[in-house]
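The values are calculated or read from the model by the stated rules, or taken from the named source; none is laboratory data. Just so it is clear, the structure is predicted and the values come from calculations on it, not from any experiment. Here Cβ is always computed from backbone atoms with ideal geometry, including for glycine, and neighbour counts include all displayed protein chains. For accessibility, only protein heavy atoms count, side chains too; no ligands or nucleic acids. Shrake-Rupley method; radii C 1.70, N 1.55, O 1.52, S 1.80 Å.
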Amino acid sequence: MVHFMKPTPLVQKKFITPGVILLILLAVNGLAFLAGRFLFGIGGVTNLNNQYPWGIWIGVDVAAGVALAAGGFTTAALGHLMHREQYHALVRPALLTAMLGYTFVALGVCIDIGRYYYIWHPLIMWNGNSALFEVGICVMIYMNVLYIEFLPVVTERFIGRVTMKGFLTRFNKPVDKLLRALDRGLSKVMFIFIIAGVVLSTLHQSSLGTLMVIAGPKMHPLWQTPVLPLLFLLSAIAVGFPMVIFESMIAARSFGLKPEMETLSKLGRMIAPILGIYLAFKIGDMFIRETFVYLTTFNTASVLFMIEVFVGVVLPLRMFLSRSVLKSPVMLFIAASLVVFGVLLNRINNFVVAYTPPYSFGSYFPSIGEISVTVGFVSILVLLYRAAVMIFPVISVPDKSLSSKAKYTIRG
Amino acid sequence: MNKLDRRSFFKTTAVLGAGLTGIAASEAKAGPKNILSPERMGVLVDTTACIGCRNCEWACKTAHDLPTAPIESYEDRSVFEKMRRPDETALTVVNRYDNLKKPELPYTVKVQCMHCDHPACVSACIVGAFSKEENGAVVWDTDKCIGCRYCMAACPFQIPAFEYHRAIGPKIMKCDFCSARREEGKMPACAEICPVEALTYGPREELVRIARDRVKRFPDRYVEQIYGEYEVGGTGWMYLAGRDVADLQFPKLGRNPAPGVSESIQHGIFAYFVPPVSLYALLGALMWITKHRTEEEEA
Ligand code: SF4
Ligand code: SF4
Ligand code: SF4
């Protein structure tokens, strides 16, 4: 039997579960340390200093955050640009992750910069030479594009269902009309935003790689290379689909739904070639610059590099090539998680591990406060995701009432 | 999307492209001040002449309104036991290193911002808060800075420091080559107070000549290298040394300007917005073609 999938708000599910309570505790803990940052300055809660200006708030919250939100533009490209209809059910969850992900990237930047109230400065003070400027502007625009791309989900939820109470009742009709107009207008111009989203993503995903190029010899040669932008772009594309698999399976599990194995394993089949290209460039670059000599010494950098490449790329690449892995939910999940882990570690390596200041009085390891804030942010993100899929039609569930003509009803 | 007709699709794409190219033209002009004047000033630091009195440290703090102990306390030489770095409380510091030829006369080395000719900080700063002035100074604008600390990650000499413990308005702190004093016609505070010939303030080109001349006349006293003449494309402050500069903990750097590679990547990706706009057009075409094909299949 063919399943007709339709995105539906998961209203009947319970919000509070033991896992959710744990997330709330982690979130509160993170916010407490965050308050410390605003009261006592960045030095009050972090282990950052003049030798190590950037820590995990940049390496994880920002750099890894942007990479792991890449599922948004890769599925948009697949579903909308290439019109591969069978993946439409995956577009909305990925879009929601990207939207929340980028929002938290922006928040991460906000708390990490010393003068958060000047966050708008790059909008009017331009420095076209600065990779960070380019990243900042692209992320800002892309975040807005993501909000716009999400708007149809909101209008779909409320059209014909605007029921405000009390004296607001008389506004119900006009608001409904407004939503309908918005919806019609959006569906005409949405393609502009979808293409723009993909272009902006390729731009800033690669520019994130350019960021550390200027640090030159301060960065460990295993990672410092002029092709960093390309490696960043390729790894972002490579992590897009695994991230979608990773989160769909977690969401399915936590809501007691059946994972869409058919679509997911089809998606999984595309991962191996992309990972392969990334690996080829990574290894090729290593041989051209002859940096493999650094692997003969046993230290944090070489070990983490090996883990990043073997556990994070080679192993999942091998797994995604296997038919039985693609068919087994557990194995598929493990393979996808490994890619996610690999890219996360790669960003940490690039921004934190590889950074070796010429004058240092010790090494950097994140403080409890830094870790708490990062974990807290991730927890809040997951909670918001859970709330969003219960309110808005994001996750597709089988719908028997649909005719086959309206098989996929996603717009935008 | 379904209702989209071909005409409006191409029209919008074209308008968008034109708009972006328009931005490109103005973008080319934006950016911080980065002047490489032939008359720019610099300082030649002769580490073989420096006596380690640290008067320059005191003068620098005084000139920049930073809290400091009285000048007499700077005679204490026990601070030399540990290597120190300039930070938000001291924009310049002096470190001591062994003199292998004459152990009784150790070398002392004053460090501060090098005032690079092609500064990484100027290139990196997200809002263009840094600028290289005509007088050779690399200065920082407190009204622009957002406190992202990218300048710190970029500087090859690890110079900019940050007020980590200030909750509101933390500043990036580094030597500003006494820009304000020099505008009043005064010397940099350190060069003025230095009791010996360790700090020579003058036009950079002249300093290079003086340095070469000294190295030639006293080959026993100096190593061949003038540190800063070519490093990262040349720096405003240059050093003469009695032993290998690596032993005095100067970073080993190439001759190419530090921002070179990243700027060319950056400008390659953005060359007048042509690559992004073409990508946009390409993806638009792809979208239209595949859509067309699916429609035909469905029909
Ligand atoms: S030494 Fe560092 S802070 Fe000073 S001008 Fe050069 S790059 Fe900028
Ligand atoms: S910390 Fe300030 S001066 Fe340094 S790069 Fe960021 S905005 Fe520019
Ligand atoms: S004042 Fe001159 S001699 Fe004294 S420590 Fe400074 S540079 Fe050396």
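This table checks each residue for (1) surrounded by fewer than 21 Cβ atoms within 10 Å (Cβ to Cβ); (2) within 14 Å of another protein chain (Cβ to nearest Cβ); (3) in contact with a helix residue (DSSP H, G or I) (Cβ under 9 Å, 6 or more places away or on another chain).
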site	(1), (2), (3)
A:ASN172	yes, no, no
A:LEU186	yes, yes, yes
A:ILE192	yes, yes, yes
A:ALA236	no, no, yes
Mind checking which residues of segment B:233-248 are of a type in the set (A, V, I, L, M, F, W, C), more than 18 Å from B:ASN34 (Cβ to Cβ) and within 16 Å of ligand 3 (Cβ to nearest atom)?
B:MET238, B:LEU240, B:ALA241, B:LEU248
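Residue under question is A:PHE341, and the condition is that it be surrounded by 22 or more Cβ atoms within 10 Å (Cβ to Cβ) and in a helix (DSSP H, G or I); does it hold? Step through it out loud before you land on a result.
Values: surrounded by 22 or more Cβ atoms within 10 Å (Cβ to Cβ): no; in a helix (DSSP H, G or I): yes.
No: the conditions fail for A:PHE341.
So in segment A:360-408, with the set limited to residues that are closer than 30 Å to B:PHE250 by Cβ and surrounded by fewer than 17 Cβ atoms within 10 Å (Cβ to Cβ), which one is modelled with the highest pLDDT? Break it down into steps so the answer makes sense when it comes.
Let us first name the residues in segment A:360-408 that are closer than 30 Å to B:PHE250 by Cβ, namely A:360-365.
Cutting the leftovers down to surrounded by fewer than 17 Cβ atoms within 10 Å (Cβ to Cβ) gives us A:360-363, A:365.
Details: A:SER360: 88, A:PHE361: 89, A:GLY362: 88, A:SER363: 90, A:PHE365: 94.
The residue in question is A:PHE365.
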Give the residue that is farthest from B:LYS171 (Cα to Cα), with candidates limited to residues of segment B:123-151 that are within 9 Å of chain A (Cβ to nearest Cβ) and of a type in the set (Ser, Thr, Tyr).
B:SER123
I need the full set of residues from segment B:238-285 which are touching a residue at least 24 places away in the same chain (Cβ under 8 Å) and among the hydroxyl-bearing types (Ser, Thr, Tyr), in order please.
B:TYR239, B:SER262, B:TYR272, B:TYR280
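Please work out which residue is nearest to A:PRO357 (Cα to Cα), limiting yourself to segment B:247-271 and to residues that are open to solvent by 60 Å² or more (accessible area, probe 1.4 Å) and part of a helix (DSSP H, G or I).
This residue is B:ASP247.
Residue by residue, here is whether (1) open to solvent by 10 Å² or more (accessible area, probe 1.4 Å); (2) within 13 Å of chain B (Cβ to nearest Cβ); (3) of a type in the set (Asp, Glu); (4) closer than 19 Å to A:GLU262 by Cβ holds:
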{"site": "A:LEU48", "(1), (2), (3), (4)": "yes, yes, no, no"}
{"site": "A:GLN51", "(1), (2), (3), (4)": "yes, yes, no, no"}
{"site": "A:VAL60", "(1), (2), (3), (4)": "yes, no, no, no"}
{"site": "A:LEU81", "(1), (2), (3), (4)": "no, yes, no, no"}
{"site": "A:ARG92", "(1), (2), (3), (4)": "no, no, no, yes"}
Go through segment B:184-230 and give me each residue that's among the acidic types (Asp, Glu) and in contact (Cβ under 8 Å) with a residue 40 or more places away in the chain.
B:GLU192, B:GLU197, B:GLU205
Please find, within segment A:28-46, the residue that is nearest to the other protein chains (Cβ to nearest Cβ) out of those that are crowded, with 20+ Cβ neighbours inside 10 Å and assigned to a helix (DSSP H, G or I).
A:ILE42
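The rows are residues; the columns are (1) closer than 13 Å to A:ASN346 by Cβ; (2) open to solvent by 40 Å² or more (accessible area, probe 1.4 Å); (3) under 24 Å from the mean Cα position of the chain (by Cα).
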position: A:ARG269; (1), (2), (3): no, yes, yes
position: A:ALA272; (1), (2), (3): no, no, yes
position: A:ARG289; (1), (2), (3): no, yes, no
position: A:VAL309; (1), (2), (3): yes, no, yes
position: A:LEU317; (1), (2), (3): no, no, yes
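For (1) at pLDDT 90 or above; (2) open to solvent by less than 40 Å² (accessible area, probe 1.4 Å); (3) among the polar types (S, T, N, Q), each residue gets a yes or a no:
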{"site": "B:SER26", "(1), (2), (3)": "no, no, yes"}
{"site": "B:GLY42", "(1), (2), (3)": "yes, yes, no"}
{"site": "B:CYS50", "(1), (2), (3)": "yes, yes, no"}
{"site": "B:HIS64", "(1), (2), (3)": "yes, no, no"}
{"site": "B:THR68", "(1), (2), (3)": "yes, no, yes"}
{"site": "B:GLU72", "(1), (2), (3)": "yes, no, no"}
{"site": "B:SER78", "(1), (2), (3)": "yes, no, yes"}
Would it be correct to say that A:GLY136 is within 11 Å of another protein chain (Cβ to nearest Cβ), outside any helix (DSSP H, G or I) and either farther than 30 Å from A:GLU260 by Cα or touching a residue at least 60 places away in the same chain (Cβ under 8 Å) (or both)?
no
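Given the options B:ALA167, B:ALA120, B:ALA161, B:ALA154, name the one that is facing another protein chain (nearest Cβ under 10 Å) and free of Cβ contacts under 8 Å to residues at least 12 places away in the same chain. Give the derivation first.
On the way: B:ALA120 fails: free of Cβ contacts under 8 Å to residues at least 12 places away in the same chain; B:ALA161 fails: free of Cβ contacts under 8 Å to residues at least 12 places away in the same chain; B:ALA154 fails: free of Cβ contacts under 8 Å to residues at least 12 places away in the same chain.
Going through B:ALA167, B:ALA120, B:ALA161, B:ALA154 in turn, the sole match is B:ALA167.
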Just a yes or no: is a residue in segment B:99-110 among the β-branched types (Val, Ile, Thr), away from ligand 1 (no atom under 13 Å from the Cβ), closer than 23 Å to B:MET238 by Cβ and away from chain A (no Cβ under 14 Å)?
yes
Of the residues A:THR225, A:THR155, which single one is within 14 Å of chain B (Cβ to nearest Cβ), of a type in the set (Val, Ile, Thr) and open to solvent by less than 40 Å² (accessible area, probe 1.4 Å)?
A:THR225
Out of (1) open to solvent by 10 Å² or more (accessible area, probe 1.4 Å); (2) at the interface with another protein chain (Cβ under 10 Å from one of its Cβ atoms), the odd one out for A:THR210 is which?
(1)
So which residues in segment B:200-232 are closer than 30 Å to A:ILE214 by Cα and within 12 Å of ligand 3 (Cβ to nearest atom), if there are any at all?
B:TYR201
When only residues in segment B:73-98 that are farther than 15 Å from B:LEU248 by Cα and part of a loop (DSSP other than H, G, I, E, B) count, which is farthest from the other protein chains (Cβ to nearest Cβ)?
B:ASP76
Check A:PHE171, A:PHE193 and return the single one that is within 23 Å of the chain's Cα centre (by Cα), over 30 Å from B:GLY147 (Cβ atoms), in a helix (DSSP H, G or I) and not aliphatic (A, V, I, L, M).
A:PHE193
